[in-house]
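The values are calculated or read from the model by the stated rules, or taken from the named source; none is laboratory data. Since this is a predicted model, take the numbers as computed values, not measurements. Positions of Cβ are backbone-derived with ideal geometry, glycine not excepted, and every protein chain shown enters the neighbour counts. For accessibility, only protein heavy atoms count, side chains too; no ligands or nucleic acids. Shrake-Rupley method; radii C 1.70, N 1.55, O 1.52, S 1.80 Å.
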Amino acid sequence: MINVVLDTNILYKEGLSSVPMLKLHRLVLSKHVRVFVPELVKMEFLNKKISESGTKLISAKDSVKEILSKKTLQDRDIHGEISTIQHSLEQLMETIEGELRLDFDEWVRKYNVEIVPIPNDCTLDVMMDYFAGKNAFRKPQNKDDFPDSFIEKTINSIHANVGELTAILNDGILYKHFVRAGKLPIANSLDSFLSEQRNVDKFAELDANMALFRVNGLAREYFGSEEFQRLFLEKLHTESEFIEDIFLDEANVAVIDTGGLYIFGTSISGFDNITNLEITEVELLNQNEYSFDFTCEAKAEMSYCAEYQSAQELLDDPVLDVETHSTNGEGIHDLTQSVSVRIYGTSIIRIEGEMDIEKIQRDSRTLHVIDNPITITFDFDDVEVDMFK
């Protein structure tokens, strides 16, 4: 059995239900992999998710408060309604926090994850590293590195207890430290771990052992076909309201041409008019579940910030559809622009009932029907933007 430990950035980047995570689950169920998570990683992950949701709700609450402060509304009797909305947002934050914790607990149960507490005897070692600038500390007395140091000590403790251990790390500091130490095999993503030959061989073994191996092979071939690509594109068109609400922030937006202008704080939303869809990398997750990657093109709205000079050049360009919404005292403009984007996404197909290729093909023609035995979920993972295209 392969023992693996996950860090905070891996959990945050992948989420708890991404395609790589589902593939990891397959290895867990087959007892090929055992997963460990330091308790401090759990705390960091949940705090980051809760804080992320809280920031958006606080922004909504502040917007409501701003509406109330408008001079034209001060004499109107809407304070009670505004107060009710603010109270509802506070309750919603509590609900979201509870749901996030429940989701994590369910993931721990489903993946048989062992949550490992901080070793009781590591505090002195951490403090010695703190003053010396060693191991997870980038320099002496750098307080920001305390969490990484405690996580490092927890990973060392897991290694000492289980023997062979693979660390899947996306944290720059921890990754560099463990690479320098040379004591553990390291992977910098779930995908890179899953593509290791020992895991590729295990997936092949699991596939070969399936009673419906031939049907699964035909299904994989069909899900990569031009016919299914057309049907999936039609499915995306029926989900237009959901797709319009998808929001990707700066971490998932690559602007490939800014014309030499400096912009920052980019985000993409309002996806529409999806075309040129292509399905790649169809993979079997289990006997009735598949995943695939896809790319497509679309129109969308990009929000971003630019300094005064760059903003003026963009606003003065007669070809670009750029609007300014606000400017702060330093001349930073908040801008929006209609853009063409290339989307990189993932999808999961789940099939209920009989695994028959002719039935799969027949049911695929009515993917928009609510009670269809084939259900498809999808995510937009990343987008590329050419501002001047």
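A few comments on the model shown:
- Å² per residue, accessible surface of region 310-389 at 1.4 Å: 54 Å²
- Rounded, prolate or oblate (a/c below 1.5 giving rounded, otherwise prolate when a/b exceeds b/c) for region 104-173 by Cα gyration tensor: prolate
- Residue-averaged [θ]222 nm for the chain, counting only DSSP H segments that reach four residues, each worth -39500 (n - 2.57): -14500 deg cm²/dmol
- Solvent exposure of region 225-289 as accessible area per residue, Å², 1.4 Å probe: 55 Å²
- Carbon plus sulfur fraction of accessible area for the chain, probe 1.4 Å, in percent: 49 percent
- Length added when fully stretched, Arg230-Ala204, from 0.36 nm per residue minus Cα-Cα: 6.4 nm
- Paramagnetic label zone (point 7 Å from Cα along Cα-to-C-beta, Leu261; backbone N under 15 Å) in region 300-314: 302-314
- Model label points for Asp272 and Asp293, set 7 angstrom from Cα along the Cα-to-Cβ axis, are 3.0 nm apart.
- Placing unit charges on the Cβ atoms only, positive for Lys and Arg and negative for Asp and Glu, gives the chain a dipole magnitude near 1480 debye about its Cα centre.
- Virtual spin-label span in nm between Tyr222 and Glu94, 7 Å along Cα→Cβ: 5.0 nm
- The slack between Gln197 and Ser340, meaning 0.36 nm per residue of separation minus the straight C-alpha distance, is 47.6 nm.
- Ile370-Glu39 FRET efficiency (beta carbon distance; Förster radius 41 Å; 0.05 resolution): 0.50
- Near the amide H of Ile246, within less than 5 Å, lie the amide hydrogens of Gly270, Phe271, all on another chain or at least 5 residues away, with H placed in the peptide plane.
- Calculated log₁₀ intensity ratio I(q)/I(0) where the Debye formula runs over C-alpha points of region 260-389, q = 0.17, 0.19, 0.21 Å⁻¹: -0.89, -1.03, -1.18
- Note on Met1/Asp386: beta-carbon distance plugged into 1/(1 + (r/R0)^6) with R0 of 41 Å gives a FRET efficiency of 0.30.
- In the frame of its principal axes, the chain has Cα extents of 67, 66, 49 Å, reported largest first.
- Accessible surface, per residue, of region 88-140 when the full set of protein chains is kept, probe 1.4 Å, Å²: 67 Å²
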